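One structure is given below, encoded as structure tokens.
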Amino acid sequence: MKPLAAVTPTRVLVVICLAFVTFASVVAFATPPGEANDEQDHVRNAETLASGRFYRIEEGAGLEPLQPPLYYLGLAAGLRLFGADPLHDALPRAVAPGAAVFRHDVRTDAAAQRRFTLLRIPSIVFGLCTILLTAAIG
């Protein structure tokens, strides 16, 4: 019996894709709203586009001024699709100015978690597409 005969490139790719989607989903569902990497800047840019204006692409415009506008246009469409309330109102407030510790004891936190999770799903889909395109190129 050949134990390595069952290992094929397709099966390895399936395992990698399943692992990525599983771990990325756990992070998306478990991370409190507004605390994912650069999420507050992403929300600001997407809400700016959803309001019909263009976000600033210049020095001092936050951590994410150079993200492709198509990404933010997709998030802006999601904001309009999933609710009209601005997400920046649901962003957690720092315990102290400049602190990286946030308060989540507000009554709307559960609803904000659901909305942020929905807007994190496209990133999981884009990540999966990146894996598949990389495998196809390889």
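The values are calculated or read from the model by the stated rules, or taken from the named source; none is laboratory data. Everything numeric in this text was worked out from a predicted model, so none of it was measured. Cβ placement follows ideal geometry from the backbone for every residue including glycine, while neighbour counts extend to all protein chains displayed. For accessibility, only protein heavy atoms count, side chains too; no ligands or nucleic acids. Shrake-Rupley method; radii C 1.70, N 1.55, O 1.52, S 1.80 Å.
Residue pairs whose Cβ atoms lie under 6 Å apart, sitting 6 or more positions apart in sequence or on different chains, and linking a residue in segment 63-81 that is farther than 11 Å from Leu119 by Cα to a partner that is modelled with pLDDT under 75 and open to solvent by less than 30 Å² (accessible area, probe 1.4 Å), do not occur here.
Every listed requirement among (1) modelled with pLDDT of 75 or more; (2) charged (D, E, K, R); (3) in a helix (DSSP H, G or I) is met by Asp89 save one, (1).
Looking at segment 32-55, is at least one residue among the aromatic types (Phe, Trp, Tyr) and either touching a Pro at 6+ places or on another chain (Cβ under 6 Å) or open to solvent by less than 70 Å² (accessible area, probe 1.4 Å) (or both)?
Residues of segment 32-55 that are among the aromatic types (Phe, Trp, Tyr), as a first pass: 54-55.
Next, only the ones that are either touching a Pro at 6+ places or on another chain (Cβ under 6 Å) or open to solvent by less than 70 Å² (accessible area, probe 1.4 Å) (or both) stay: 55.
Yes, segment 32-55 contains a residue that is among the aromatic types (Phe, Trp, Tyr) and either touching a Pro at 6+ places or on another chain (Cβ under 6 Å) or open to solvent by less than 70 Å² (accessible area, probe 1.4 Å) (or both).
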